[in-house]
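Reading through the structure tokens given below for one structure.
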Amino acid sequence: MKLLLFRVHARDVLSTVIVDETRTQYTHVAVLVDEATNRICEAYMPVVHYRLLLDSELAGIDAFDISGLTPEGVAGALAYCDAAVAAKEPYSVENLCRFSGFLRKLLGEAQDVGVHSPVICSQFAFDVFDRGAHIKLLNAPSYVLAPGYLAWSTLVTPAAPLLPRGNV
């Protein structure tokens, strides 16, 4: 299991806005749940889901290992992913808009009370490790964390690039 930070997310029309608003190089986050197939769990419109990464996506993704991740933690993280997918945890464009201070004042602050709360990708990935694996990557609530902020954790270390798996 790895944390994946996307420098390029070709399917996301908001990528440029995310990078500009958060002032980081990353536009999307996912959790690698199966390295043999490059299967990920991600929060992306309309709900949290599993999918296989395309080999064509790999060049724009940085992989990170999580310090302290045990087999029990992996099992908990996978269970959290399964629960979010089963609950059809919704993606929240509104939470994404809250990175603008002006829009946050209009919309109010986000909340995150579990797998039924609308989330953005970084919020979900943080929750997978925090609530599922019991590893708190950063001392902050998940709803304030943009994709690039997760790279600031001292518990994440760069990993080898993902290998192509024949997924066109």
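No value in this document is a laboratory result; all are computed from the given coordinates. This one's a predicted model, so the numbers in the text were calculated from it and none came from an experiment. No Cβ is skipped: glycine too gets one built from the backbone with ideal geometry, and neighbour counts run over all protein chains shown.
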Charge sum, other residues only, whose C-beta stays under 13 Å from Ala160's C-beta, Lys/Arg counted +1 and Asp/Glu -1:
-2
Going by average Cβ density within 10 Å per residue, which order do the peptides 48-59, 117-128, 24-35, 145-156 take, highest to lowest?
117-128, 24-35, 145-156, 48-59
